[in-house]
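All of the numbers you see were taken from the coordinates with simple rules; none came from a lab. This one's a predicted model, so the numbers in the text were calculated from it and none came from an experiment. Quick reminder, even Gly has a Cβ in these numbers, built from the backbone with ideal geometry, and neighbours come from all protein chains shown.
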Amino acid sequence: MNQVPIVPMNPNVYQQQPAYIPVQQQQPKLNAVNIEINNPSVGTQGAAQPQYAPVTAPYYTYPQAPIYNYPQPQAPVYCPAPAALPAPVEAPVAVQTAPAPTPAPASTPAPASTPAPAPVSTPAPAPAPAPTVNAPQINNNAPAAPVAIETTQAKAPEVPAPVVTAPSAQTVEQKPEIVQPETVAPQVDINAFISKLTNPDFDVQAAGMEEIANLIKTAPEKATELLEPKVFESLANIVNFDSTGLAEATKEQLAAREKIVTGKEVTEEEKQLANTITPKEQAERNKSYALFTTAIMQKLYLDEVARLSTQPVPLTDLPGAVNVVNNLKDNPDPMIRASAIEALSFIQRPEYKKDLTTVFNVATNDSDPSVAEAAKVALDKLNQI
């Protein structure tokens, strides 16, 4: 910390300017608009005014200094005596030390309360009780000369190096692992079933429908994958297949079957001939199978909808239901009409009671006794719910 230099002051500051400037006596102007009050002597014109002794000393004893710090002429400076000068504070001295093994700074200022290790060549300021002091010449523009101080080499305190520890496995932030979604393979090969249902071989069609019925019976959770429009469409195509051009049973086949039904004795050739199914009979058989398979799949569809929603499915919106009703009314084969009645009776529910009652009542008037009897049985079953 550098010592504050004493700025020389002009000794003629107080001698050149009088401390008190008498004010010219003015007569107060008194009127309704302007009232001047000079001292407490308002309205006392002609009265003797008190005389004050001129001030010979300044009101405040503080050092006067110029605003800008520029060199002053060499002349005695008048400095008012301070009441009490503060104790001199020793300026910090730069200490030249040998490089320490640690990265501590080479020059460390000594604390103010601790004396310097060596005497400083700076003269101590002497108290100046006299008002007039010959201050030494100070050049404010010249840089201060460094003071060389011989000190003993001090060993800087050893600062322990920071210990860097590797983060543990628990503190290391782990990036989230992106797991690719697994491709869920279907449990049921739908294309395989559709290929069987659309196969021109009637035996392959029958085998495919039998597999669907067994799958729904044993594993309904897997069979739900078969509830596809293509599957219902394939079953509807089997029911609507035109079999009029196919070969029918011959008279010999019909006679052999008649003997077996009536219990007459037949030969091995007649028995084999009676058990041979013609292409038309295979097509009609598959139509009945398709109606039964459709009813089984409709039942599975209704159970799945009831599990996921409370909204019932109308009978007309049920997959394949319209096709079954149309075959009950228009199919010329009485066996197909009777199969349609049994298919509708399999899916009967309270919400379908009104519609099915109308359909079964119409079927009770069918020309074929077997169809009329099947309608009466289904109507009695419907009335029980």
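The table below lists the values:
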quantity	calculated
Residue pairs, from the table 329/381; 196/251; 222/280; 196/280; 230/381; 217/354, whose Cα atoms sit over 23 Å apart	196/251; 222/280; 230/381; 217/354
Pair residue 189, residue 203: separation of 7 Å Cα→Cβ label points (nm)	2.0
By average C-beta atoms within 10 angstrom, highest first, the peptides 193-205, 282-294	282-294, 193-205
Mean Cβ neighbour count within 10 Å, used as a protection proxy, ranking 313-322, 230-239 highest first	230-239, 313-322
Approximate spin-label separation residue 310-residue 255, in nm, with each point projected 7 Å along Cα-to-Cβ	6.8
Charge dipole of the stretch 214-368 about the Cα centre (unit charges at C-beta), most positive-ward option of 262, 283, 229	229
Percentage of interatomic Cα-Cα distances in the stretch 277-382 larger than 25 Å	20
Test item: Cα-centred dipole of the stretch 232-336, Lys/Arg +1 and Asp/Glu -1 on Cβ, debye	220
Shape category assigned to the stretch 343-385 from the gyration tensor of Cα positions, a/c cut at 1.5	prolate
Positive-pole candidate from 316, 369, 385, dipole of the stretch 277-385, charges at beta carbon	385
